[in-house]
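Written below as structure tokens is the structure these notes are about.
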Amino acid sequence: MTTPSQKPRTAPSLRFGQVVIGPPGAGKTTYCRGMQEFLTSLGRKVVVVNLDPANEGLPYQCDVDVSELVTLDDVMDGLKLGPNGGLLYCMEYLETNIDWLEAKLGQHHDCYFLFDCPGQVELYTHQNSMKNVFSQLSKWNFRLTAVHLVDSHYCTDPAKFISVLCTSLSTMLHVELPHVNVLSKMDLIEQYGKLAFNLDFYTEVMDLSYLLDHLAADPFFKKFLRLNEKLAEVIQDYGLVSFVPLNVQDRESMVQVLRTVDKANGYCFGDLEERNLQAMMSTAVGADFQFDAAVGVQDRYVDSNKKTVEEEVMDL
């Protein structure tokens, strides 16, 4: 209740953005730099927030940097912690001093925000500090999409791909934000081996029984067949995980990811943005289909494979 001399506190206007998460080496910082440049070319005013206290030598213009509050090196030296424990402490420290973040973000108005987050997996699967920070951002009227980056070369190893699916599902359920899973570094996807199936099998997470058959051919994984079957059942029962392929250097790929993210957090294009986007991507259509996008990426980065899934399984 306010007195006559007090003005009622108005809620801040809606602010949109992305929290960029994923394991170490997935390309989160590179994605933030590429997305910042891409959004700027569209006409959006972009603010990049570095929430990784171990991030040094940032390649992008950073407007808010958590290292002004706490750094991993200082925590490791002062508390004699290792890198993992030190990072957990840093995130708990940020959560405790969330007013610092609110003051920093309050200096930027009518902007689109990119949050570059740490790369420790447990921060997004079962530890609550980052989840609580994201929840607080939502209370400040931020409409955010979690962009979960995963290195695409994991698709070349069936066992690693199943583990990626489990991690992605666990992250989706724990973070509790609109979620977009991204296969990054698509231009390097076959650097570590050939794909067993076409790319859309992995982006759409189709019938994993074919993948289990592929695993059963390996003597080491054959004894874990029942475990892998149960993991695949959990993933398919939820039916939540799918991926958008991404090469940061490919504008068409960036458009596909941005459209998916904007749909997830409810962002609507401004007139200027829409004109700029269509000028850059004259072939883009209003109704974009994930399958078509995967086929386009397959043609560019993956050796063609004419066989059906059943024929590939028979070859095994």
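The values are calculated or read from the model by the stated rules, or taken from the named source; none is laboratory data. Predicted, not measured: the structure shown is a model, and the values here were computed from it. With ideal geometry, Cβ positions are generated from the backbone for all residues, glycine too; neighbour counts draw on all protein chains shown. These area figures cover heavy atoms from the full protein model, side chains too; ligands, DNA and RNA do not enter into them. Shrake-Rupley method; radii C 1.70, N 1.55, O 1.52, S 1.80 Å.
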How do the pairs read when you match residues in the stretch 115-131 that are more than 22 Å from Arg15 (Cβ to Cβ) with residues anywhere that are β-branched (Val, Ile, Thr), using Cβ under 6 Å and keeping only pairs 6 or more apart or on different chains? Thr125/Thr171
Flag if His179 is more than 25 Å from Ala264 (Cβ to Cβ) and open to solvent by 30 Å² or more (accessible area, probe 1.4 Å): no
Going through the stretch 232-249 one residue at a time, which ones are more than 21 Å from Val19 (Cα to Cα), out of contact with any Cys (no Cβ under 9 Å at 6 or more places or on another chain) and not polar (S, T, N, Q)? Ala232, Glu233, Asp237, Tyr238, Gly239
So in the stretch 213-251, with the set limited to residues that are under 20 Å from Val175 (Cα atoms) and part of a helix (DSSP H, G or I), which one is least open to solvent (accessible area, probe 1.4 Å)? Ile235
For residues that are assigned to a helix (DSSP H, G or I) and crowded, with 16+ Cβ neighbours inside 10 Å, tally how many sit in the stretch 191-212. 8
If you go through the stretch 118-140 one residue at a time, how many are of a type in the set (D, E, K, R) and either loosely packed, with under 15 Cβ neighbours inside 10 Å or over 15 Å from the mean Cα position of the chain (by Cα) (or both)? 2
Report those helices (runs of 4 or more DSSP H) wholly inside the stretch 37-117 carrying at least 3 residues which are touching a helix residue (DSSP H, G or I) at 6+ places or on another chain (Cβ under 6 Å) and either on the phi > 0 side of the Ramachandran plot or open to solvent by 20 Å² or more (accessible area, probe 1.4 Å) (or both). 83-96
Are any of the residues in the stretch 141-154 over 16 Å from the mean Cα position of the chain (by Cα), surrounded by fewer than 16 Cβ atoms within 10 Å (Cβ to Cβ) and free of Cβ contacts under 8 Å to residues at least 40 places away in the same chain? no
